[in-house]
Amino acid sequence: MIEFVDVSKFYKDRCVFKDINFYVKEGQLVQVSGGFACGKTTLLKLICRLEKPTSGDVKIFGEPLSRIKYSRLMHLRRHMGVVFDDFGLIENLSVKAYLYLVTKLLKRKQYLEEAIDFFSLQNLLDTKIFNLSLSEKYRLALARILALRTPLVLLDEPFSYYKNKQELINMLKTLNENYKMTIIFTSYAPIESIDHLDIFNSCNVGEQ
């Protein structure tokens with residue numbers, strides 16, 4: 001599903017990673033762990049083409065991102081559930097209004113009630129998003145992903161925002177096993193029960 005072929009990423013003279021190769025199969029649950037500013041977020045941004053590699057190629061669903069048209073990229077992104085640090089929510093809407101809006105726009109309303117039930121959002125439906133706690137906002141972002149049934153999920157530092165670590169691990173495992181979602185998430189510390197992708201030994205952080 002995701003393949004990196006001789007991918008290097010530099011910011012001016014700073015090496016983030018160099019000549020890395022890996023393949024994530026459909027249906028895997030994978031973590032990418034490492035310290036602050038080591039390139040975890042950059043990796044996710046390369047996958048959804050918010051960043052471009054300095055060299056090498058990234059393939060998603062078998063398609064090289066360097067050679068696809070913008071319209072095709074937008075189509076592929078509809079099959080990705082992505083949560084970065086802003087969560088991608090519309091803060092002045094209620095939980096219910098937000099979920100109805102995104103599922104209506106992408107014509108996926110048939111899964112909405114299931115997503116609300118799975119993430120226990122029933123008592124929050126009339127609450128404005130700006131009044132939610134960080135954990136509640138994260139549950140909402142994950143509910144959006146489940147409602148849209150995106151086969152590929154990218155989560156940046158989810159444990160920084162969700163206070164119950166084991167509960168979140170269980171949620172991710174359920175999305176992966178029961179709903180067949182391929183999930184890649186970043187974290188500061190590795191979780192023993194989840195496969196680990198080690199890519200940060202290819203160059204020293206800050207290498208000149």
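Suppose we filter region 145-166 for residues that are more than 19 Å from residue 61 (Cα to Cα), buried (at least 18 other Cβ atoms within 10 Å of the Cβ) and not aromatic (Phe, Trp, Tyr); how many remain? Full working, then the answer.
Going through region 145-166, the residues more than 19 Å from residue 61 (Cα to Cα) turn out to be 146-147, 156-166.
Still in the running and buried (at least 18 other Cβ atoms within 10 Å of the Cβ): 146-147, 156, 158-159, 161-162.
Still in the running and not aromatic (Phe, Trp, Tyr): 146-147, 156, 158.
The total comes to 4.
I'd like to know if region 35-50 contains one or more residues that are in contact (Cβ under 8 Å) with a residue 60 or more places away in the chain and on the phi > 0 side of the Ramachandran plot. Walk me through it before giving the result.
Initially, region 35-50 is screened for residues in contact (Cβ under 8 Å) with a residue 60 or more places away in the chain, giving 35-41, 43-44, 47-48.
Keeping just the survivors that are on the phi > 0 side of the Ramachandran plot gives 37, 39.
Among the residues of region 35-50, at least one is in contact (Cβ under 8 Å) with a residue 60 or more places away in the chain and on the phi > 0 side of the Ramachandran plot, which makes the answer yes.
With the condition kept exactly as written, say whether any residue in region 110-125 is in contact with a strand residue (DSSP E or B) (Cβ under 9 Å, 6 or more places away or on another chain) and over 25 Å from residue 35 (Cβ atoms).
For region 110-125, residues in contact with a strand residue (DSSP E or B) (Cβ under 9 Å, 6 or more places away or on another chain) and over 25 Å from residue 35 (Cβ atoms): present.
For the condition over 28 Å from residue 126 (Cα atoms), among the basic types (Lys, Arg) and in a strand (DSSP E or B), what is the one hit in 52, 9, 45?
Numbers: 52 fails: in a strand (DSSP E or B); 45 fails: in a strand (DSSP E or B).
Every option except 9 fails the conditions.
For region 9-34, how many residues are in contact with a Phe, Trp or Tyr (Cβ under 7 Å, 6 or more places away or on another chain) and surrounded by fewer than 17 Cβ atoms within 10 Å (Cβ to Cβ)? Lay out the reasoning, then the answer.
Step one: of region 9-34, the residues in contact with a Phe, Trp or Tyr (Cβ under 7 Å, 6 or more places away or on another chain) are 9, 16-17, 20-22, 31, 33-34.
Among the residues that remain, those that are also surrounded by fewer than 17 Cβ atoms within 10 Å (Cβ to Cβ) are: 21-22.
Counting residues in region 9-34 that are in contact with a Phe, Trp or Tyr (Cβ under 7 Å, 6 or more places away or on another chain) and surrounded by fewer than 17 Cβ atoms within 10 Å (Cβ to Cβ) gives 2.
What's the total number of residues in region 167-180 that are over 14 Å from residue 119 (Cβ atoms), surrounded by 14 or more Cβ atoms within 10 Å (Cβ to Cβ) and not basic (Lys, Arg)? Let's see the steps before the verdict.
Of region 167-180, the ones over 14 Å from residue 119 (Cβ atoms) are 169, 173, 176-177, 180.
Still in the list and also surrounded by 14 or more Cβ atoms within 10 Å (Cβ to Cβ): 169, 173, 176.
Add one more test, that the residue is not basic (Lys, Arg), and what stays is 169, 176.
Residues in region 167-180 being over 14 Å from residue 119 (Cβ atoms), surrounded by 14 or more Cβ atoms within 10 Å (Cβ to Cβ) and not basic (Lys, Arg): 2 in total.
Can you tell me which residue within region 95-111, out of those that are crowded, with 17+ Cβ neighbours inside 10 Å and modelled with pLDDT of 95 or more, is farthest from residue 46 (Cα to Cα)? Spell out how you get there, then give the answer.
Of region 95-111, the ones crowded, with 17+ Cβ neighbours inside 10 Å are 95, 98-99, 102-103, 108.
Among the residues that remain, those that are also modelled with pLDDT of 95 or more are: 95, 98-99.
On the way: 95: 30, 98: 27, 99: 27 Å.
Among them, the one singled out is 95.
So, in region 63-94, of the ones that are of a type in the set (S, T, N, Q) and part of a helix (DSSP H, G or I), which residue ends up surrounded by the most Cβ atoms within 10 Å (Cβ to Cβ)?
Restricting attention to region 63-94, the residues satisfying the condition of being of a type in the set (S, T, N, Q) are 66, 71, 92, 94.
Checking which are part of a helix (DSSP H, G or I) leaves us with 66, 71.
On the way: 66: 12, 71: 7.
Once the filter is applied, the top-ranked residue is 66.
Among the numbered criteria (1) within 21 Å of residue 180 (Cα to Cα); (2) within 20 Å of the chain's Cα centre (by Cα); (3) of a type in the set (Lys, Arg), which single criterion is violated by residue 107?
All conditions pass for residue 107, except number (2).
I'd like to verify a number: residues in region 167-190 that are in a helix (DSSP H, G or I) and either basic (Lys, Arg) or closer than 20 Å to residue 121 by Cβ (or both), how many? Before you say what the answer is, go through the steps one by one.
We begin by selecting, within region 167-190, every residue in a helix (DSSP H, G or I); these are 167-178.
Now drop any that are not either basic (Lys, Arg) or closer than 20 Å to residue 121 by Cβ (or both), which leaves 167-175, 178.
Matching residues across region 167-190 total 10.
Would you call residue 193 over 19 Å from residue 45 (Cβ atoms), hydroxyl-bearing (Ser, Thr, Tyr) and surrounded by fewer than 19 Cβ atoms within 10 Å (Cβ to Cβ)?
It is true that residue 193 is over 19 Å from residue 45 (Cβ atoms), hydroxyl-bearing (Ser, Thr, Tyr) and surrounded by fewer than 19 Cβ atoms within 10 Å (Cβ to Cβ).
Collect the residues in region 148-180 that are touching a Pro at 6+ places or on another chain (Cβ under 9 Å) and either of a type in the set (Gly, Ala, Ser) or on the phi > 0 side of the Ramachandran plot (or both), keeping them in residue-number order.
180 - this is the single residue of region 148-180 that is touching a Pro at 6+ places or on another chain (Cβ under 9 Å) and either of a type in the set (Gly, Ala, Ser) or on the phi > 0 side of the Ramachandran plot (or both).
Among the numbered criteria (1) in a loop (DSSP other than H, G, I, E, B); (2) touching a residue at least 12 places away in the same chain (Cβ under 8 Å); (3) within 25 Å of residue 29 (Cα to Cα), which one does residue 126 miss?
(3)
Hey, any hits in region 131-144 for a residue that's in a loop (DSSP other than H, G, I, E, B), polar (S, T, N, Q) and crowded, with 19+ Cβ neighbours inside 10 Å? Please lay out each step first, then the result.
Pass one, region 131-144, residues in a loop (DSSP other than H, G, I, E, B): 132-133.
Then drop every residue that is not polar (S, T, N, Q), which leaves 133.
Next, only the ones that are crowded, with 19+ Cβ neighbours inside 10 Å stay: none.
No, every residue in region 131-144 fails to be in a loop (DSSP other than H, G, I, E, B), polar (S, T, N, Q) and crowded, with 19+ Cβ neighbours inside 10 Å.
The values are calculated or read from the model by the stated rules, or taken from the named source; none is laboratory data. Only a predicted model underlies this, so the values are computations on that prediction, with no experimental measurement involved. Methodologically, a virtual Cβ is constructed for each residue, glycine included, from the backbone with ideal geometry; neighbour enumeration extends over all protein chains shown.
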